[in-house]
1. Could you do me a favour and compute the accessible area per residue for segment 128-248, 1.4 Å probe, result in Å²?
2. Note the full-extension length gain between residue 79 and residue 410 as 0.36 nm times their separation in residues minus their Cα-Cα distance, in nm to one decimal.
3. Roughly to the nearest percent, how much of the accessible area of segment 150-264 is carbon and sulfur, given a 1.4 Å probe?
4. Tally Lys and Arg at +1 and Asp and Glu at -1 over the other residues with C-beta under 9 Å from the C-beta of residue 131: what net charge comes out?
5. Amide H neighbours of residue 215 under 5 Å, at least 5 residues apart or on other chains, H built in the peptide plane: list them.
6. Using a 10 Å cut-off on Cβ atoms, rank the peptides 46-56, 179-189 from the highest mean neighbour count down.
7. Residues with beta-carbon under 12 Å from that of residue 94, excluding residue 94: net charge, scoring Lys, Arg +1 and Asp, Glu -1?
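The values are calculated or read from the model by the stated rules, or taken from the named source; none is laboratory data. Only a predicted model underlies this, so the values are computations on that prediction, with no experimental measurement involved. Methodologically, a virtual Cβ is constructed for each residue, glycine included, from the backbone with ideal geometry; neighbour enumeration extends over all protein chains shown. In case anyone asks, the SASA skips ligands and DNA or RNA and just uses the protein heavy atoms, side chains included. Shrake-Rupley method; radii C 1.70, N 1.55, O 1.52, S 1.80 Å.
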Amino acid sequence: MFDNLTQRLARTIKNLRGQGRLTEDNIKETLREVRMALLEADVALPVVRDFIDRVGQQATGQEVLQSLTPGQVLVKIVNDELVRVMGDACESLSLNVQPPAVILMAGLQGSGKTTSSAKLARLLKEREKKSVLLTSCDVYRPAAIDQLQTLASEVEVNFYPSTPDQDPVYIARNALEHARRQHLDVLIIDTAGRLHIDDQMMDEIKRLHAAIEPVETLFVVDSMTGQDAANTAKTFHEALPLTGVILTKADGDARGGAALSIRAITGKPIKYLGVGEKTAALEPFYPDRIASRILGMGDVLSLVEEAEQTVDKEKATRLAKKLRKGKRFDFEDFRDQLEQMQGMGGLSSLMEKIPGAAELPSNVKGMVNDREIVRMLAIIGSMTPHERRFPDVIKGSRRRRIAAGSGTQVQDVNRLLKQFTQMQKMMKKVSKGGMGKMMRGLKGRRMPQGFPF
């Protein structure tokens with residue numbers, strides 16, 4: 001997300017380096033570039049105008065502090081304005097009410113409401129330790145109810161069944177009564193969407209809202225629709241008292257215009273970002289952290305939080321003990337590392353959060369390939385347990401069998417074995433002399449082509 005905007009802003013700010021102070025001339029030129037970057041990111045025009053005016057007013061005439069460059073001064077100003085536009089702080093759900101707290105999901109068809117309902121249920125269960133009930137009031141879309149029931153089972157939360165011949169208000173009231181009887185903390189209601197906003201759709205969701213009085217009414221919108229997402233959210237808010245927005249498919253949006261427009265146009269905060277298809281791919285929206293990502297400064301806090309939530313501490317401890325005892329790093333260990341990396345959103349997500357990664361050369365970024373991890377896991381999965389524990393036995397005929405079983409070429413298997421041997425050497429250095437010795441050993445070496453980290 002924000003790839004194009006990040007690259008454009010990085011080039012713009014780089015042009016200011018070496019200048020002694022911010023002047024009206026260099027500010028004017030820089031703001032012209034920033035304006036073009038925001039418009040190309042599909043940020044709404046009124047938001048762009050206000051943003052540029054405020055940055056210009058703050059930047060004009062500022063003396064460069066002794067330890068700063070003009071580029072750093074502008075980065076600070078732009079960062080503060082990005083945070084202001086997106087909402088200053090992360091706004092959590094208002095769940096401090098008499099249980100069950102009702103969350104109503106609204107949005108157009110195809111925006112990702114059903115999947116987001118399950119993702120939110122999982123997040124509340126795992127991070128907030130809430131007992132959650134999911135139910136579907138979408139009686140129009142074929143298999144919508146079955147889809148939500150399947151997802152509820154996957155994330156291991158309660159599901160209240162419904163049928164296409166029932167009235168949505170009847171379903172919602174019964175689900176609420178069931179949640180009360182079972183003493184559940186949260187009820188999430190998935191509603192029907194349409195391909196466009198129409199009176200029938202709005203009337204139905206208004207009836208639902210009046211019947212159950214939710215504490216949260218979340219508008220689910222596809223980030224890839226750009227500023228149209230903000231305009232649709234505004235239309236919904238005029239008909240329904242929204243409390244927040246879930247921005248889906250953020251991982252597939254290189255522009256980011258929706259994230260920068262929604263708060264300014266609707267006045268409602270983005271509360272969550274959908275960053276992938278898996279049910280764990282939902283993260284709270286922190287404006288300050290997103291601003292940091294946009295400006296290429298990374299997001300270390302989110303990286304640490306994801307590591308704490310996804311890294312299997314028992315496996316990490318076992319691996320550390322194994323290496324300390326002088327035992328060899330094998331393919332079972334390698335597979336664990338790759339799977340945990342996938343659990344943190346993959347390499348693309350990790351790179352987005354690492355400070356300075358935006359300034360890496362394009363050929364280096366091109367080596368960061370999540371598909372390579374999938375291929376590696378397929379090859380490792382095609383090995384026998386004995387081969388994974390004792391990789392030295394993998395010779396010609398075994399390599400051909402592994403390639404055929406994983407749907408890859410023998411060259412792919414050979415490349416993985418070569419990369420794995422290098423990984424073994426790194427791990428051996430860690431066990432003998434710590435991270436410092438390993439880094440000295442890596443100094444000056446090029447990463448092999450196709451290696452995913």
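1. Heavy-atom accessible area per residue stands at 45 Å².
2. The residue 79-residue 410 span can extend by a further 114.3 nm.
3. 46
4. +2
5. Amide H neighbours of residue 215: 102.
6. Descending mean neighbour count gives 179-189, 46-56.
7. Taking every Cβ under 12 Å from that of residue 94, the sum is -1.
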